[in-house]
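For reference, the structure discussed in these notes is given below.
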Amino acid sequence: MAELDELRAYVEYFRDLGVYDFYRRGDGSPSEAVAAFLERAFPAPTWQPSSNLGAPPRVGASPLAGSEPSVSVLPSLAGSASPAFAGQPPWPNPLEVAVPKPVPFNDLAPLPLVRVPPADRAAALEQLRREIGDCTRCPLAYAGRHTIVFGQGDPAARLMFVGEGPGADEDASGLPFVGKAGQLLNNMIAAMGLRREDVYIANIVKCRPPANRVPEPVEANTCSQFLLQQMDIVQPEIVVALGATAATYLLGVKQSLATLRSRFHICRGSRLLVTFHPAFLLRDPRQKGEAWKDLQLVMAELGLKPPAKL
Ligand code: URA
């Protein structure tokens, strides 16, 4: 158990650096060495075939294997005599499913010809929130979510932060970045000479992924339309992408943070800077100095001075 916890901690660490596909080869399949390791670390569940399905098949080396249902909870499939399922589980091995490429937010829709004036932005955000409603557009709606975390802050903010997705505290409160990572984000904002209410804060997905896992592409892609509209309404001068997931989906590139940091990109007409996710900085505080360098680039662009005394 301790070994698995350690493994998960490593996976999360690399994930925050944008290296969360290290167990896949270029063609999307797991490398043999890693597949063998995963098979030991995450043993395949017991397969309970119905009598007409033949010999028990191998489910495959999937880190999700432990959560896959056995045939006994899928009565309609268990009873099926379809030769298509003979010897194979009736769902794909997650490691063999092609992962859709992220599309840059710039390519998802053209910038609106008519921009929302500052005085109308609060109402436009409220209207968008109403449109989202009690959303069931993606699987996260059925994965234990309690509250949709829409976003928070000044509807006409000059600076917007985008994180990955709500955690347990955010799911309970309905507000972004209110847990431990949120406290660090508050400190980062204060160090820039701003108050939390001066900025706008949102996430790639608005519902908590179970066990704080990385949002699946289908979840992030489904939710993108709403973050895109929030960005088009708020029209911040600068967007700060917190961590690899935000950078991946906003910019539509899967690259390491090291490649993406330290320079401005363009996203929805705003300049966008990539920095470390506060949760990563809590895990590896040595990187706080690097994050501060990123924030100083933002401060220079916005003409901000750090407060005399923090
Ligand atoms: N982590 C995020 O990415 N977003 C939140 O809102 C909280 C934690």
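Taking the criterion of being at pLDDT 95 or above and either surrounded by fewer than 12 Cβ atoms within 10 Å (Cβ to Cβ) or in contact with a Gly (Cβ under 8 Å, 6 or more places away or on another chain) (or both), the residues of the range 90-112 that qualify are PRO104, PHE105, ASN106, ASP107, PRO110, LEU111. Taken over the range 300-310, residues that are out of contact with any Gly (no Cβ under 7 Å at 6 or more places or on another chain) and at pLDDT 95 or above amount to 4. Would the range 161-169 turn up any residue that is in a helix (DSSP H, G or I) and farther than 25 Å from VAL116 by Cβ? Taking every residue of the range 161-169 in turn, at least one turns out to be in a helix (DSSP H, G or I) and farther than 25 Å from VAL116 by Cβ. Considering only residues of the range 165-209 that are more than 19 Å from SER224 (Cα to Cα) and among the basic types (Lys, Arg), which is farthest from the ligand (Cβ to nearest atom)? Only one residue tops the list, namely ARG195.
Selection of the range 259-309 for residues being out of contact with any Phe, Trp or Tyr (no Cβ under 6 Å at 6 or more places or on another chain), small (Gly, Ala, Ser) and within 16 Å of the ligand (Cβ to nearest atom) yields only ALA279.
Residues of the range 169-204 that are among the small types (Gly, Ala, Ser) and closer than 23 Å to GLY133 by Cβ: ALA172, SER173, GLY174, ALA202. Give me the residue from the range 158-203 that is in contact with a Ser or Thr (Cβ under 6 Å, 6 or more places away or on another chain) and buried (at least 18 other Cβ atoms within 10 Å of the Cβ) and, out of that set, farthest from PRO285 (Cα to Cα). Checking each candidate, the answer is ASP171.
Evaluating ASP154 against the criteria (1) more than 9 Å from the ligand (Cβ to nearest atom); (2) farther than 20 Å from GLN235 by Cα leaves one unmet condition, (2).
For GLU237, the stated conditions hold: it is surrounded by fewer than 17 Cβ atoms within 10 Å (Cβ to Cβ), more than 11 Å from the ligand (Cβ to nearest atom) and either within 19 Å of ASN106 (Cβ to Cβ) or of a type in the set (Gly, Ala, Ser) (or both).
The values are calculated or read from the model by the stated rules, or taken from the named source; none is laboratory data. Being a predicted model, the structure only gives us computed values, none of them experimental. Note that each Cβ is placed from the backbone with ideal geometry, even for glycine, and that neighbours are counted across all protein chains shown.
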